[in-house]
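Here the structure is laid out as structure tokens; the discussion comes afterwards.
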Amino acid sequence: MHRFTYPADQFDEGNLDKSIILTLVKKHEGMVSRLVKNKQYYNGHHAIEYKKRENDAPNSKVTCNHAKDIADTATGYFMGNPITYSNSGEQDIAPLMETFDIANVDDVDADNALDMSIYGAAYEYVYAKQGEAIPTSKSISPLSTFIVVDDTIEENELCGVYYYKKKNSVKDTYTYVATVSTASYTYVLNIEESGADVFMEVTEAAEPHYFGEPQIIEYLNNKEAIGDFEQQIPLIDAYNTLMSDRINDKEQFIDAVLVLYGSIMGDDEEEVSKAQETLKKEKLLELPADAKAEYLTRQMDENGVEVLRKAIKEDIYNFSHVPNFMDENFAGNVSGVAMEYKLLGLEMITKVKERQYKKGLRKRIRLYCNFLGMKAVLLEAGSIMATFSRALPKNLQELSQIVANLKGNVSAKTLLKLLPFVEDPDYEIEEVERQKAEDVKRQQELFGAGANTPPNFEDEEEEEEPAAGKENAAKKDQEEEDQEKDPKEKKPAGGKE
């Protein structure tokens, strides 16, 4: 981990000491040999390439690039899926997410994760493009980047430095171009060396950047900033040597010496040379009855070599905690719990990566929120949380059962985070509510928009009773009127006609 310390009381970001920056750049340049070696091993340039053999013996140079396999596997497992963001408060983080999309932070995260695996550290530069008022991010090489902190126990960041060398073809000299970012200003320095003389100029005056912190972000792979395969380089070299010697032995076996017993191939060199050419061409050798011929070869213990090869390969993956997915132990369909046990070592180192990466993410969110604040987009950086997901095949049926069983006991947002195909839980919850509202509206339109209220039967009964009374009264009046008109028709009780 290339972090340099500078006394806090002597650092003045408004009046930067340029000679100190030159000293730190030269010191850092002399310390990156370890990082260069890691990059070479990732690219497949191993120590076996420089192996020499004497006496024109076979010299095969086999490179088995376990370094790249380990780095790519660890990176894919850690950052194969994009990071998702959520807000623990009530503010809308959509402006920040849109800015992240414009800056392609998913690609930057993938580049950072690979640099962490190779070098043990990664660096990101947050800046505003020229002529644009939108922040963006760029992954920069750890070979030419470092952070300067103060001498307090908190190790507060004072500045970040990114430099590169360019050659002056006219003077045949090199010029260092260093970009120094403090909490408020950005400097661009030109440092030219010519023998013992050092010429330095500030090509650009100190410009305010309005990000509120140094624009360079550091991401560590672990506390010691060690790459995923760095400590296994000796084992990788041993494996390459074993495989190369194995092929050399095969070549020596093919080029074995032919020994003749009781016979010679000629009386002089010319006859011997002709006999050798005839033997190579016709593959036939004529010998006397009591003579014999055989090849002089070295016996090879293939079983022992194979056992050693497997042992070295197993140690490479075991000590790196990155499993070999081509191994027979990963064959077949296994349950989620069994797979988690097989990936326990990889999960442990990935948890460390995740904790270290979140420190850098929090700074990235602060830088973006500070810049967006100038555009009246006020966001609380502390309430924005990042969520990582593992890039492994998921048993969706098993996950759906877990979600169904936890429904009612766990919030919907937390349950949706368990599903790998849900990137934004807040958006998914809003879409579900909107879909439910549309379904209710569609049903109302289908069965009638009016309220289906039952009739009031009590009012109907009250209306029927007065009508029946009027009808009975009218019938009785009619009977009395008929009797008055014709009293003879009235029969006496119990009488005769």
Taking square-rooted eigenvalues a ≥ b ≥ c of the alpha carbon gyration tensor, is the range 1-101 rounded, prolate or oblate, where a/c under 1.5 means rounded and, failing that, a/b exceeding b/c means prolate? oblate
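If the limit is 22 Å between Cα atoms, which of Lys310/Lys342; Lys129/Lys363; Lys342/Lys394; Lys166/Lys359; Lys313/Lys342 go over it?
On the way: Lys310/Lys342 19 Å; Lys129/Lys363 19 Å; Lys342/Lys394 15 Å; Lys166/Lys359 33 Å; Lys313/Lys342 17 Å.
From the list (Lys310/Lys342; Lys129/Lys363; Lys342/Lys394; Lys166/Lys359; Lys313/Lys342), the Cα-Cα distance tops 22 Å for Lys166/Lys359.
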Going by average Cβ density within 10 Å per residue, which order do the peptides 378-388, 287-297 take, highest to lowest? 378-388, 287-297
At a 10 angstrom cut-off on C-beta neighbours, averaged per residue, how do the peptides 206-219, 155-168 rank from highest to lowest? 206-219, 155-168
Calculated FRET efficiency, Asp301 and Glu224, Cβ-Cβ r, R0 41 Å, to nearest 0.05? 0.55
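Would you mind putting 353-359, 78-84, 410-416 in packing order, based on average other-beta-carbon counts within 10 Å, highest first? Let's see the in-between values first.
Values: 353-359: 17.3, 78-84: 19.0, 410-416: 14.3.
By packing density, highest mean first, the sequence is 78-84, 353-359, 410-416.
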Taking the simple approach of a point 7 Å from Cα along Cα-to-Cβ for both Gln276 and Arg362, what is their distance in nm? 7.6 nm
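For the range 375-435, what is the charge dipole size about the Cα centre, in debye to the nearest 20, if Lys and Arg each add +1 at the Cβ and Asp and Glu each add -1 at the Cβ? Intermediate results must be reported in sequence, preceding the final value.
Details: 7 positive and 9 negative charges, 43 e Å.
That gives the range 375-435 a dipole magnitude of about 200 debye.
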I'd like the distance between the alpha-carbon centres of the range 422-448 and the range 1-34, rounded to an integer number of Å. 58 Å
For Thr173, other-chain or 5+-apart residues with amide H closer than 5 Å (H placed, Pro excluded) are Asn168
Along the Cα→Cβ direction, 7 angstrom out, place labels at Ala238 and Tyr261. What is the inter-label distance in nm? 4.1 nm
What's log10 of I(q)/I(0) for the range 263-318 at q = 0.15, 0.19, 0.27 Å⁻¹, Debye sum over Cα points only, no solvent? -0.62, -0.77, -1.10
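A short reminder: the numbers here are calculations on the coordinates, not readings from a lab. These numbers were taken from a predicted model, which means no experiment stands behind them. Please note: Cβ atoms are built from the backbone with ideal geometry, for glycine as well, and neighbour counts cover all protein chains shown.
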